[in-house]
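No value in this document is a laboratory result; all are computed from the given coordinates. What you are looking at is a predicted structure, and each value in this text was computed from that prediction instead of being measured. Quick reminder, even Gly has a Cβ in these numbers, built from the backbone with ideal geometry, and neighbours come from all protein chains shown.
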Ligand SMILES: Cc1cc2nc3c(=O)[nH]c(=O)nc-3n(C[C@H](O)[C@H](O)[C@H](O)COP(=O)(O)O)c2cc1C
């Protein structure tokens, strides 16, 4: 029996190691790549909050990396607190993908992930991203070249298939296992679905059943209960979280706690949310400089604010900040404005508390008011 199926018979122990090829990881939970967001400051925040071990960069063009393109090098910027790190590559030229994997290994990167899920036309047109899911032999040959060139684990991230008629992930996963891939990350939607509809847990299960290597489930995990359901219903070895971590950096510790104890951790206090948001800004400034870091933070802060309660005053102002002092000013004014929604002790009155975002697969399928998980704005809005 596969070890993680055995561990499901007894509940998954979050303190168990996760073996990714030669790598021993301290967590079964992973940070998914979110292009435009999973930069060094965000990864550091996530690591400081805890519960996660391997974090992945945004997707990086293999050719740009080899050409020492400045933007590509910024995407793989890391430091000693950002370990272990996976870099996600995209590309369709075998020689370039192989050379980029070797380059990353020499830079001390812990593992290389290959993007096979990106639906963006620019990436698919050149045979990368989800286009890789349509030509298994060609894809397996490219991946084989990478696996043979490096000692670090090579993983693949895919969707369930191109569309409902072509749910090719199990077959592709088997082909990639055959050429030595260490694990498969699978977002339980098709390329055609984009981010709509329900994450197909049965589809993820089929990938799990098709291979012996670990499969890491992904899609819509915004609460610890959703992660637990994904583990239980799919038999996956790990769960990877993208938007849920952006929305709630505490999600990994919350999932670990639920799996270990069967109980939910209390929600972080408002003051803690504000502290972590400010820490995120500090790291953005450290890595990108004050002006650029603050500009980039304009699209980050509203995600923290989704859990603050009434927030329109904050969101209106935060999208204009250009310095740390301006941000501080916006925050202080917001804290005063928010008082009107609080009790005498400064706690948000329950009627103003925002409801949690609920994963598609945790909702009643007949529910007319389907809630979908927002997709952050950015260069790849159709991810
Ligand atoms: C803004 C955005 C950017 C993304 N960028 C990447 C990427 O660079 N590489 C990748 O494999 N997936 C990317 N994805 C997909 C996510 O990694 C993940 O598979 C998807 O969002 C579903 O998981 P989630 O519901 O936990 O976010 C992106 C998704 C979003 C919303």
For helix 201-210, report the angle its Cα long axis makes with the longest principal axis of the Cα atoms of the chain; keep it between 0 and 90° and round to the nearest 10°.
30
What angle do you read, to the nearest 10 degrees and between 0 and 90, between the alpha-carbon axis of helix 94-106 and the longest principal axis of the chain?
60
Grab the beta carbon distance between residue 353 and residue 202, set R0 = 25 Å, and tell me the FRET efficiency rounded to 0.05.
0.15
Considering only DSSP beta bridges whose two residues both sit in the chain, what percent are antiparallel, to the nearest 5?
10
Acute angle (nearest 10 degrees) that the helix 324-338 long axis makes with the longest principal axis of the chain, alpha-carbon atoms:
60
Given labels modelled 7 Å from the Cα in the Cβ direction, how far is it in nm from residue 148 to residue 48?
4.5
Compute and list, largest first, the equivalent-ellipsoid semi-axes of the chain from the alpha carbon gyration tensor, each √(5λ) rounded to a whole angstrom.
34, 25, 19
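Per residue of the chain, what 222 nm ellipticity follows from adding -39500 (n - 2.57) for every DSSP H run with n ≥ 4, rounded to the nearest 500?
Result for the chain: -12000 deg cm²/dmol, rounded to the nearest 500.
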What shape does the range 258-311 take by its C-alpha gyration tensor, where a ≥ b ≥ c are the square roots of the eigenvalues and a/c under 1.5 counts as rounded, a/b above b/c as prolate, and the rest as oblate?
prolate
Among 181, 358, which comes first, then next, by fewest other beta-carbon atoms within 10 Å?
358, 181
Test of understanding: ordering 174, 125 by Cβ neighbours within 10 Å, fewest first, what list do you get?
125, 174
So how far apart, in nm, are the two label points at residue 269 and residue 319 if each is 7 Å from Cα heading toward Cβ?
3.2
One can check that the equivalent ellipsoid of the range 226-298, built from the alpha-carbon gyration tensor with semi-axes equal to the square roots of five times its eigenvalues, has lengths in Å, largest first, of 31, 15, 8
Normalised by the number of residues in the range 167-280, what is the relative contact order in percent for Cα pairs under 8 Å and 6+ residues apart?
21
Would you mind calculating the relative contact order of the chain from Cα pairs under 8 angstrom and at least 6 residues apart, reporting the percent as a whole number?
14
